[in-house]
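Below you'll find the structure, written out as C-alpha coordinates, and then a few comments.
The values are calculated or read from the model by the stated rules, or taken from the named source; none is laboratory data. All of these numbers come straight from a predicted model, not from anything done at the bench. FYI the Cβ positions are ideal-geometry reconstructions off the backbone, even for glycines, and counts take in every protein chain you see. Ligands, DNA and RNA are excluded from the accessible area calculation, which covers all protein heavy atoms including side chains. Shrake-Rupley method; radii C 1.70, N 1.55, O 1.52, S 1.80 Å.
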Amino acid sequence: MQTFLGLDYPTLWYLVVGALFSGYVILDGFDFGAGAWHLFFKKEESRRIALNAIGPVWDGNEVWLVIGGGALFAGFPVLYASLFSAMYIPFMLFLLFIIFRAVSIEFRSKETMKWWRKSWDIAYSTSSIVLSILLGIVLGNVLQGIAIGDNFEYQGGALFEFLNPYALMVGITTLALFMVHGAIYLLLKTEGRLFVKLIFLLKKGMIFFMVSFGITTLYTLIYIPHLSDTFSQNPVMFGVPLLAFLSIANIPRLAKKKKYKEAFLFSSVTMSFLLIIVAIELYPVLLLSTIDPAYNIDIYNAAASEKSLSIMLTIAAIGTPLVIGYTIFVYRTFRGKVKLDETSY
(Lines give C-alpha, C1' and ligand atoms only; values in the text may rest on other atoms or scores of the structure.)
Protein backbone atom coordinates (compact mmCIF):
# COMPACT_ATOMS: atom_id res chain seq x y z
CA MET A 1 0.00 0.00 0.00
CA GLN A 2 1.35 3.41 -1.01
CA THR A 3 2.13 5.94 1.71
CA PHE A 4 2.85 9.64 2.01
CA LEU A 5 4.65 11.09 5.05
CA GLY A 6 4.36 7.65 6.64
CA LEU A 7 0.57 7.51 6.28
CA ASP A 8 -1.35 5.33 3.86
CA TYR A 9 -3.78 6.99 1.45
CA PRO A 10 -7.01 5.92 3.23
CA THR A 11 -5.70 7.42 6.48
CA LEU A 12 -4.72 10.64 4.71
CA TRP A 13 -8.18 10.90 3.15
CA TYR A 14 -9.71 10.20 6.58
CA LEU A 15 -7.84 13.26 7.85
CA VAL A 16 -8.89 15.36 4.84
CA VAL A 17 -12.58 14.52 5.29
CA GLY A 18 -12.32 15.17 9.02
CA ALA A 19 -10.69 18.56 8.43
CA LEU A 20 -13.39 19.57 5.94
CA PHE A 21 -16.23 18.65 8.29
CA SER A 22 -14.44 20.42 11.14
CA GLY A 23 -14.33 23.56 9.01
CA TYR A 24 -18.02 23.20 8.24
CA VAL A 25 -19.03 22.71 11.88
CA ILE A 26 -17.02 25.74 13.01
CA LEU A 27 -18.34 28.04 10.28
CA ASP A 28 -21.96 26.95 9.96
CA GLY A 29 -22.06 26.25 13.70
CA PHE A 30 -22.18 29.94 14.60
CA ASP A 31 -24.77 30.47 11.84
CA PHE A 32 -27.05 27.89 13.40
CA GLY A 33 -26.29 29.19 16.88
CA ALA A 34 -27.16 32.76 15.92
CA GLY A 35 -30.39 31.52 14.37
CA ALA A 36 -31.27 29.53 17.50
CA TRP A 37 -31.15 32.77 19.55
CA HIS A 38 -33.15 34.76 16.98
CA LEU A 39 -36.55 34.66 18.72
CA PHE A 40 -34.96 35.87 21.97
CA PHE A 41 -34.52 39.25 20.29
CA LYS A 42 -37.83 41.11 20.60
CA LYS A 43 -37.12 44.30 18.66
CA GLU A 44 -37.25 44.44 14.86
CA GLU A 45 -33.92 46.29 14.68
CA SER A 46 -32.20 43.68 16.87
CA ARG A 47 -33.43 40.85 14.67
CA ARG A 48 -32.26 42.65 11.54
CA ILE A 49 -28.83 43.28 13.02
CA ALA A 50 -28.51 39.63 14.10
CA LEU A 51 -29.60 38.46 10.66
CA ASN A 52 -27.17 40.78 8.88
CA ALA A 53 -24.34 39.63 11.12
CA ILE A 54 -24.40 36.31 9.25
CA GLY A 55 -25.86 37.75 6.04
CA PRO A 56 -22.62 38.03 4.03
CA VAL A 57 -21.21 34.64 5.07
CA TRP A 58 -23.93 32.05 5.74
CA ASP A 59 -24.17 30.73 2.19
CA GLY A 60 -20.38 30.57 1.82
CA ASN A 61 -20.18 28.59 5.05
CA GLU A 62 -22.49 25.94 3.60
CA VAL A 63 -20.06 25.38 0.73
CA TRP A 64 -17.88 23.50 3.22
CA LEU A 65 -20.72 21.00 3.68
CA VAL A 66 -20.90 20.41 -0.07
CA ILE A 67 -17.12 19.93 -0.29
CA GLY A 68 -17.10 17.65 2.76
CA GLY A 69 -19.96 15.54 1.40
CA GLY A 70 -18.23 15.31 -1.98
CA ALA A 71 -14.96 14.27 -0.37
CA LEU A 72 -16.77 11.61 1.67
CA PHE A 73 -18.47 10.22 -1.45
CA ALA A 74 -15.26 10.27 -3.50
CA GLY A 75 -12.98 8.80 -0.83
CA PHE A 76 -15.27 6.36 1.00
CA PRO A 77 -18.19 5.47 -1.31
CA VAL A 78 -19.15 2.38 0.75
CA LEU A 79 -19.54 4.50 3.88
CA TYR A 80 -21.48 7.14 1.95
CA ALA A 81 -23.96 4.56 0.67
CA SER A 82 -24.44 2.74 3.99
CA LEU A 83 -24.66 5.87 6.13
CA PHE A 84 -27.18 7.58 3.87
CA SER A 85 -29.29 4.41 3.73
CA ALA A 86 -29.32 4.14 7.52
CA MET A 87 -29.79 7.87 8.15
CA TYR A 88 -32.09 8.57 5.20
CA ILE A 89 -34.80 10.32 7.24
CA PRO A 90 -32.51 12.66 9.23
CA PHE A 91 -30.55 13.55 6.08
CA MET A 92 -33.74 14.32 4.15
CA LEU A 93 -35.00 16.40 7.07
CA PHE A 94 -31.65 18.20 7.13
CA LEU A 95 -31.96 18.98 3.43
CA LEU A 96 -35.53 20.22 3.89
CA PHE A 97 -34.71 22.50 6.83
CA ILE A 98 -31.52 23.89 5.31
CA ILE A 99 -33.55 24.93 2.26
CA PHE A 100 -36.30 26.36 4.47
CA ARG A 101 -33.70 28.29 6.48
CA ALA A 102 -32.18 29.83 3.36
CA VAL A 103 -35.62 30.82 2.09
CA SER A 104 -36.41 32.40 5.48
CA ILE A 105 -33.29 34.56 5.37
CA GLU A 106 -33.95 35.75 1.83
CA PHE A 107 -37.74 36.22 2.04
CA ARG A 108 -37.99 37.96 5.42
CA SER A 109 -37.12 41.44 4.18
CA LYS A 110 -39.18 41.27 0.98
CA GLU A 111 -42.34 42.57 2.69
CA THR A 112 -42.85 44.97 5.60
CA MET A 113 -45.95 43.39 7.17
CA LYS A 114 -45.44 42.35 10.77
CA TRP A 115 -47.03 38.91 10.36
CA TRP A 116 -44.83 38.22 7.32
CA ARG A 117 -41.56 38.97 9.10
CA LYS A 118 -42.62 37.21 12.29
CA SER A 119 -43.53 34.06 10.32
CA TRP A 120 -40.14 33.95 8.62
CA ASP A 121 -38.40 34.70 11.94
CA ILE A 122 -40.05 31.62 13.45
CA ALA A 123 -39.14 29.54 10.40
CA TYR A 124 -35.52 30.75 10.50
CA SER A 125 -35.03 30.09 14.21
CA THR A 126 -36.83 26.74 14.19
CA SER A 127 -34.81 25.57 11.18
CA SER A 128 -31.53 26.56 12.85
CA ILE A 129 -32.43 24.64 16.02
CA VAL A 130 -33.61 21.51 14.16
CA LEU A 131 -30.52 21.50 11.90
CA SER A 132 -28.21 21.67 14.92
CA ILE A 133 -29.99 18.79 16.63
CA LEU A 134 -30.04 16.68 13.44
CA LEU A 135 -26.26 17.02 13.04
CA GLY A 136 -25.85 15.79 16.61
CA ILE A 137 -28.30 12.93 16.08
CA VAL A 138 -26.32 11.63 13.09
CA LEU A 139 -23.08 11.91 15.07
CA GLY A 140 -24.65 10.13 18.06
CA ASN A 141 -25.75 7.21 15.90
CA VAL A 142 -22.31 6.96 14.30
CA LEU A 143 -20.68 6.89 17.75
CA GLN A 144 -22.82 4.12 19.23
CA GLY A 145 -23.10 2.10 16.04
CA ILE A 146 -25.73 1.24 13.45
CA ALA A 147 -27.32 -2.06 12.40
CA ILE A 148 -25.05 -2.76 9.43
CA GLY A 149 -25.14 -6.33 8.13
CA ASP A 150 -23.81 -8.42 5.26
CA ASN A 151 -22.60 -6.47 2.20
CA PHE A 152 -22.63 -3.35 4.42
CA GLU A 153 -26.40 -3.08 4.07
CA TYR A 154 -28.50 -1.37 6.72
CA GLN A 155 -30.57 -3.98 8.61
CA GLY A 156 -32.49 -1.68 10.98
CA GLY A 157 -36.24 -2.04 11.10
CA ALA A 158 -37.85 0.77 13.09
CA LEU A 159 -38.71 3.91 11.12
CA PHE A 160 -37.44 6.29 13.80
CA GLU A 161 -34.67 4.09 15.15
CA PHE A 162 -32.26 7.01 14.82
CA LEU A 163 -34.19 8.85 17.57
CA ASN A 164 -32.59 6.91 20.42
CA PRO A 165 -31.73 8.48 23.81
CA TYR A 166 -27.98 8.76 23.20
CA ALA A 167 -28.37 10.35 19.76
CA LEU A 168 -30.85 12.87 21.20
CA MET A 169 -28.40 13.73 24.00
CA VAL A 170 -25.64 14.34 21.47
CA GLY A 171 -28.12 16.41 19.43
CA ILE A 172 -29.02 18.62 22.40
CA THR A 173 -25.34 19.04 23.29
CA THR A 174 -24.56 20.04 19.71
CA LEU A 175 -27.31 22.65 19.81
CA ALA A 176 -25.98 24.01 23.12
CA LEU A 177 -22.42 24.29 21.76
CA PHE A 178 -23.64 26.03 18.60
CA MET A 179 -25.67 28.49 20.70
CA VAL A 180 -22.55 29.40 22.70
CA HIS A 181 -20.55 29.73 19.48
CA GLY A 182 -23.27 31.81 17.83
CA ALA A 183 -23.71 34.14 20.82
CA ILE A 184 -19.98 34.90 20.87
CA TYR A 185 -20.00 35.60 17.13
CA LEU A 186 -22.95 37.99 17.53
CA LEU A 187 -21.09 39.79 20.34
CA LEU A 188 -18.29 40.44 17.85
CA LYS A 189 -20.76 41.93 15.36
CA THR A 190 -23.11 43.99 17.55
CA GLU A 191 -23.13 46.92 19.97
CA GLY A 192 -25.50 48.83 22.24
CA ARG A 193 -28.57 47.18 23.78
CA LEU A 194 -28.32 44.04 21.70
CA PHE A 195 -24.70 43.61 22.79
CA VAL A 196 -25.71 43.85 26.46
CA LYS A 197 -28.51 41.32 25.97
CA LEU A 198 -26.15 38.90 24.25
CA ILE A 199 -23.80 38.97 27.25
CA PHE A 200 -26.72 37.73 29.37
CA LEU A 201 -27.74 35.12 26.78
CA LEU A 202 -24.17 33.85 26.46
CA LYS A 203 -24.09 33.10 30.20
CA LYS A 204 -27.32 31.10 29.88
CA GLY A 205 -25.96 29.33 26.81
CA MET A 206 -22.77 28.31 28.59
CA ILE A 207 -24.76 26.84 31.49
CA PHE A 208 -26.93 24.95 28.98
CA PHE A 209 -23.81 23.56 27.27
CA MET A 210 -21.95 22.63 30.46
CA VAL A 211 -24.95 20.69 31.80
CA SER A 212 -25.77 18.89 28.53
CA PHE A 213 -22.09 18.14 27.82
CA GLY A 214 -21.58 16.77 31.33
CA ILE A 215 -24.62 14.48 31.11
CA THR A 216 -23.68 13.22 27.63
CA THR A 217 -20.05 12.59 28.62
CA LEU A 218 -21.09 10.66 31.74
CA TYR A 219 -23.60 8.57 29.75
CA THR A 220 -20.92 7.84 27.13
CA LEU A 221 -18.40 6.61 29.71
CA ILE A 222 -20.98 4.36 31.42
CA TYR A 223 -23.10 3.00 28.57
CA ILE A 224 -20.89 3.36 25.43
CA PRO A 225 -17.62 1.90 26.81
CA HIS A 226 -16.11 1.04 23.42
CA LEU A 227 -15.57 4.75 22.77
CA SER A 228 -12.93 4.95 25.51
CA ASP A 229 -11.00 1.81 24.49
CA THR A 230 -8.38 3.70 22.47
CA PHE A 231 -7.67 6.07 25.34
CA SER A 232 -7.51 3.21 27.87
CA GLN A 233 -4.99 1.34 25.72
CA ASN A 234 -2.93 4.45 24.95
CA PRO A 235 -2.77 6.67 28.07
CA VAL A 236 -0.79 9.32 26.17
CA MET A 237 -3.97 9.94 24.14
CA PHE A 238 -5.65 11.36 27.25
CA GLY A 239 -3.88 14.60 26.38
CA VAL A 240 -6.46 15.28 23.67
CA PRO A 241 -9.60 15.19 25.90
CA LEU A 242 -7.64 17.11 28.53
CA LEU A 243 -6.94 19.87 26.00
CA ALA A 244 -10.62 19.80 25.00
CA PHE A 245 -11.74 20.29 28.61
CA LEU A 246 -9.22 23.11 29.11
CA SER A 247 -10.48 24.75 25.92
CA ILE A 248 -14.09 24.52 27.14
CA ALA A 249 -13.13 26.00 30.51
CA ASN A 250 -11.33 28.86 28.79
CA ILE A 251 -14.48 30.09 27.02
CA PRO A 252 -16.32 31.46 30.10
CA ARG A 253 -13.03 32.80 31.50
CA LEU A 254 -12.36 34.84 28.38
CA ALA A 255 -16.01 35.89 28.06
CA LYS A 256 -15.95 37.21 31.62
CA LYS A 257 -12.93 39.34 30.68
CA LYS A 258 -14.85 40.52 27.58
CA LYS A 259 -12.20 39.04 25.29
CA TYR A 260 -14.73 37.82 22.76
CA LYS A 261 -12.33 37.30 19.85
CA GLU A 262 -10.28 34.93 21.96
CA ALA A 263 -13.46 33.27 23.28
CA PHE A 264 -14.64 32.71 19.71
CA LEU A 265 -11.25 31.20 18.85
CA PHE A 266 -11.50 28.78 21.78
CA SER A 267 -15.09 27.82 21.00
CA SER A 268 -13.83 26.96 17.48
CA VAL A 269 -10.87 25.03 18.95
CA THR A 270 -13.28 23.19 21.27
CA MET A 271 -15.29 21.96 18.29
CA SER A 272 -12.10 20.80 16.58
CA PHE A 273 -10.88 18.95 19.67
CA LEU A 274 -14.24 17.23 20.18
CA LEU A 275 -14.20 16.01 16.57
CA ILE A 276 -10.58 14.89 16.95
CA ILE A 277 -11.66 12.84 19.98
CA VAL A 278 -14.38 11.24 17.85
CA ALA A 279 -11.84 10.50 15.08
CA ILE A 280 -9.42 8.89 17.57
CA GLU A 281 -12.20 6.86 19.22
CA LEU A 282 -13.37 5.39 15.91
CA TYR A 283 -10.16 5.02 13.84
CA PRO A 284 -9.77 3.00 11.69
CA VAL A 285 -13.50 2.23 11.85
CA LEU A 286 -15.84 4.64 10.08
CA LEU A 287 -19.15 3.02 11.01
CA LEU A 288 -19.62 0.48 13.78
CA SER A 289 -21.99 -2.43 13.22
CA THR A 290 -24.23 -3.30 16.16
CA ILE A 291 -24.91 -6.70 14.59
CA ASP A 292 -21.36 -8.06 14.32
CA PRO A 293 -17.93 -6.35 14.37
CA ALA A 294 -17.16 -8.32 11.19
CA TYR A 295 -19.52 -5.95 9.39
CA ASN A 296 -17.78 -2.79 10.59
CA ILE A 297 -17.04 -0.30 7.83
CA ASP A 298 -13.46 0.95 8.12
CA ILE A 299 -11.18 3.20 6.09
CA TYR A 300 -9.83 0.23 4.13
CA ASN A 301 -12.93 -1.71 3.09
CA ALA A 302 -14.80 1.55 2.38
CA ALA A 303 -12.08 3.38 0.44
CA ALA A 304 -11.92 4.07 -3.27
CA SER A 305 -8.96 2.69 -5.22
CA GLU A 306 -5.45 3.89 -4.37
CA LYS A 307 -5.16 5.60 -7.75
CA SER A 308 -8.41 7.52 -7.14
CA LEU A 309 -7.27 8.57 -3.67
CA SER A 310 -3.89 9.64 -5.04
CA ILE A 311 -5.50 11.86 -7.68
CA MET A 312 -7.98 13.33 -5.19
CA LEU A 313 -5.26 14.06 -2.64
CA THR A 314 -3.44 16.06 -5.32
CA ILE A 315 -6.63 17.98 -6.09
CA ALA A 316 -7.21 18.56 -2.36
CA ALA A 317 -3.66 19.88 -1.96
CA ILE A 318 -4.39 22.47 -4.65
CA GLY A 319 -8.01 23.28 -3.81
CA THR A 320 -7.94 23.43 -0.01
CA PRO A 321 -5.64 26.48 0.22
CA LEU A 322 -7.87 28.25 -2.33
CA VAL A 323 -11.00 27.58 -0.25
CA ILE A 324 -9.28 28.68 2.95
CA GLY A 325 -7.95 31.80 1.24
CA TYR A 326 -11.39 32.71 -0.10
CA THR A 327 -12.95 32.20 3.35
CA ILE A 328 -10.34 34.45 4.99
CA PHE A 329 -10.89 37.11 2.30
CA VAL A 330 -14.67 37.16 2.85
CA TYR A 331 -14.38 37.44 6.62
CA ARG A 332 -11.80 40.20 6.38
CA THR A 333 -13.97 42.09 3.90
CA PHE A 334 -17.04 42.00 6.18
CA ARG A 335 -15.24 42.36 9.54
CA GLY A 336 -16.45 44.85 12.14
CA LYS A 337 -19.81 45.74 13.65
CA VAL A 338 -23.03 45.48 11.66
CA LYS A 339 -24.41 48.74 10.23
CA LEU A 340 -27.89 48.61 8.71
CA ASP A 341 -28.57 50.34 5.41
CA GLU A 342 -30.97 50.07 2.47
CA THR A 343 -29.25 46.93 1.18
CA SER A 344 -29.53 45.07 4.50
CA TYR A 345 -31.87 42.12 5.09
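Under 5 Å from the amide H of Leu286 lie the amide H atoms of Ile297, Asp298, Ile299, each residue being 5 or more positions distant or on a separate chain, with H modelled from the backbone and absent for Pro and chain starts. Spin-label model, Thr314/Met92: points 7 Å from Cα along the beta carbon direction are separated by 4.0 nm. Between Trp115 and Ala81, the modelled label-to-label distance comes to 5.1 nm, taking each label 7 Å out from Cα in the direction of the beta carbon. Full extension of the chain segment joining Leu39 with Phe238 gains 67.7 nm, where the gain is 0.36 nm per residue of separation less the Cα-Cα distance.
Rounded to the nearest Hz, the phi-derived 3J(HN,Hα) couplings of region 257-265 under the Karplus curve 6.51 cos²θ - 1.76 cosθ + 1.60 (θ = phi - 60°) are 8, 6, 9, 6, 5, 5, 5, 5, 4, where x marks glycine and proline. Remark: region 174-181, residue by residue, has Karplus-estimated 3J(HN,Hα) of 4, 4, 4, 5, 5, 5, 5, 4 Hz, where x stands for each Gly or Pro and the curve is 6.51 cos²θ - 1.76 cosθ + 1.60 at θ = phi - 60°. Here the contact order of the chain, divided by its residue count and restricted to Cα pairs under 8 Å and six or more residues apart, works out to 27 percent.
If exposed means no more than 12 neighbouring beta carbons inside 10 Å and the site is in a DSSP loop, what's the longest run of the chain without any exposed trypsin sites (Lys or Arg not before Pro)?
44-256
Excluding Arg47 itself, calculate the net charge of residues whose Cβ lies under 9 Å from the Cβ of Arg47, where each Lys or Arg counts +1 and each Asp or Glu counts -1.
+2
How long are the three semi-axes of the equivalent ellipsoid of region 4-62, in whole Å, if each is the root of 5 times an eigenvalue of the C-alpha gyration tensor, listed from largest down?
On the way: eigenvalues 277, 18, 6 Å².
Largest first, region 4-62 gives 37, 10, 6 Å.
At each listed q (0.20, 0.22 Å⁻¹), what is the log10 of I(q)/I(0) that the Debye formula gives for region 205-321 modelled as equal alpha-carbon point scatterers? Debye curve over Cα of region 205-321, log10 I(q)/I(0) at q = 0.20, 0.22 Å⁻¹: -1.14, -1.22. Which percent of Cα pairs goes in each bin when the distances of the chain are cut into 20 angstrom slices starting at zero? Bin by bin from 0 Å, the calculated values are 29, 58, 13, 0. Apolar share of the accessible surface for the chain: 70 percent from carbon plus sulfur atoms, 1.4 Å probe. Using the alpha-carbon centroid of each, what span in Å lies between region 303-345 and region 7-57? A separation of 13 Å, based on Cα centres. Between Ile224 and Phe329, what is the label-to-label distance in nm when each label sits 7 Å out along the Cα-to-Cβ direction? Computed distance between label sites Ile224 and Phe329 equals 3.9 nm. Note on region 159-262: dipole from Cβ charges, positive end direction compared against Val240, Met169, Leu187; the farthest Cα belongs to Leu187. Each principal axis of region 1-120 carries a Cα extent, and these read 63, 30, 21 Å when sorted largest first. Efficiency by 1/(1 + (r/R0)^6): what FRET value for Leu340 and Phe200, r their Cβ-Cβ distance, R0 = 22 Å, to the nearest 0.05? About 0.45, to the nearest 0.05. Multiplying the residue separation of Val63 and Lys261 by 0.36 nm and subtracting their alpha-carbon distance yields 68.9 nm. Computed from phi, the 3J(HN,Hα) profile of region 274-286 under the Karplus parametrisation 6.51, -1.76, 1.60 (θ = phi - 60°) reads 5, 6, 5, 4, 4, 4, 5, 4, 8, 3, x, 6, 9 Hz, with x in place of Gly and Pro.
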